[in-house]
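Okay, structure first, notes after.
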Amino acid sequence: MSDNAFALLMYPSGDEKARQNVAVGAVVTMTLLGMACVALRIHTRARIVRNMGNEDWTIIAAAILTVAFATQLLVAVKVFKMGYSGMSLSMEQAVASSKLGLSIIVVYKSTVTLIKASILMIYLRLSVTKTFEWLCKGSIYLLFTYQAIVIIIVPLECIPLRKMWDLSSHVPGHCIDTATFYYITSAFHILMDVWILLLPYKLIFSIPRPTREKFAVYAVFGLGAFSTLCSVIRFHFLVVALNSKDPYYDSLGVNVWSAVEVNVGIICASMPTLRPLLSRAQRVRTRHALKVTEQSEGSFTPWSSRRGGLLQAKEMFITLGTITAGTFKGSRNSVRDEEQWRDEKPPPVPPKDGREPRLSYPDVAHRKF
């Protein structure tokens with residue numbers, strides 16, 4: 001019996017093609033959603049708030065890699081038949097799929113690292129204590145150190161590298177335990193997701209806001225928890241693929257969930273920046289908070305730095321709360337927030353003497369004596 005006939009017996013007719021179609025739909029849909037959020041974020045930061053930060057440039061780099069990642073997956077599915085049984089692939093397709101798989105791994109890991117770094121850079125704008133600032137910077141350094149290690153190890157999984165796709169086992173050399181390596185790297189990202197969710201806990205709950213907005217904040221952070229859940233589901237499919245007798249067939253699930261995880265992460269990282277699209281008062285608050293933060297970074301005084309961080313934290317808290325609660329420009333809460341913003345402005349400078357200021361024409365003509 002031929003390999004193709006045996007593959008047909010293992011998998012129902014049309015099953016492989018149907019799985020491929022679902023995978024393509026999921027990858028394309030999630031990528032479009034992620035890119036839409038990035039586009040709105042860049043429009044908000046560059047055109048409305050007029051203050052692009054390091055976190056915005058980082059998410060742009062992540063978005064570019066996300067598009068590259070989606071393109072790689074589509075090529076793997078459509079050209080190299082990822083998701084089909086290995087017994088139905090030609091030798092050339094199997095080798096090309098293995099080579100492309102290395103590139104997919106590096107791009108995926110780099111994208112996830114950049115998304116997490118972008119979120120941590122947002123946290124850095126909110127830092128009101130040295131401890132919180134050190135924790136954020138330390139987490140960023142840890143992420144990029146990890147990423148450098150991954151980029152170095154992936155091409156060295158086998159020495160020589162061609163042994164990785166040597167299906168005939170004729171190439172001499174040795175390989176590391178790739179399953180353990182990928183388990184460790186995936187578990188690292190899951191732990192970093194949990195750490196990033198917990199890191200701003202004390203800061204967020206130290207800002208007094210209405211109860212409804214606090215519940216809205218929980219909902220937004222719940223979206224971040226969904227990103228962590230995607231990582232856990234991906235880890236499950238990774239275990240399935242690494243222990244599969246037909247990895248070409250079972251690799252489809254882990255790659256689809258990789259695309260879902262990446263784009264959900266981008267959406268989570270972009271949500272807190274979109275509020276100024278909906279509210280003029282929020283635009284003013286955001287610009288003022290960013291201005292104070294920039295001034296405090298140049299002055300190096302503890303109080304000014306703390307004030308800038310607190311303003312940024314309050315701005316972010318209002319953003320998370322009102323965007324989820326459905327507050328739009330012109331609503332009661334928007335009016336209330338603008339009134340609060342006016343109350344926070346410093347009072348006008350009084351005249352130098354106690355005399356009544358002189359009125360100029362035409363105001364003096366209408367003065368009642």
_Size of the stretch 76-213 as Cα extents on the principal axes (Å, biggest first)_ = 65, 32, 20
*What percentage of all Cα-Cα pairs in the stretch 48-99 are separated by more than 19 Å?*
49
*In sequence order, what are the phi-derived ³J(HN,Hα) couplings for the stretch 162-168 according to the Karplus relation 6.51 cos²θ - 1.76 cosθ + 1.60 with θ = phi - 60°, rounded to whole Hz, with x for glycine and proline?*
5, 5, 5, 10, 7, 6, 8
*asked:* I want to check the label-to-label distance for Leu142 and Leu198. Put each point 7 Å from Cα in the C-beta direction and report it in nm to one decimal.
replied: 1.0
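Going down the table (Lys163/Lys245; Lys130/Lys202; Lys109/Lys245; Lys17/Lys163), which pairs top 21 Å between alpha carbons? Mind showing how you got there, number by number?
On the way: Lys163/Lys245 19 Å; Lys130/Lys202 14 Å; Lys109/Lys245 25 Å; Lys17/Lys163 30 Å.
Beyond 21 Å between Cα atoms: Lys109/Lys245; Lys17/Lys163.
Just so you know, all these numbers are worked out from the coordinates, no wet-lab data involved. Just so you know, these numbers come straight off a predicted model, no measurement behind them. Glycine gets a Cβ as well: all are built from the backbone with ideal geometry, and neighbour counts include every protein chain shown.
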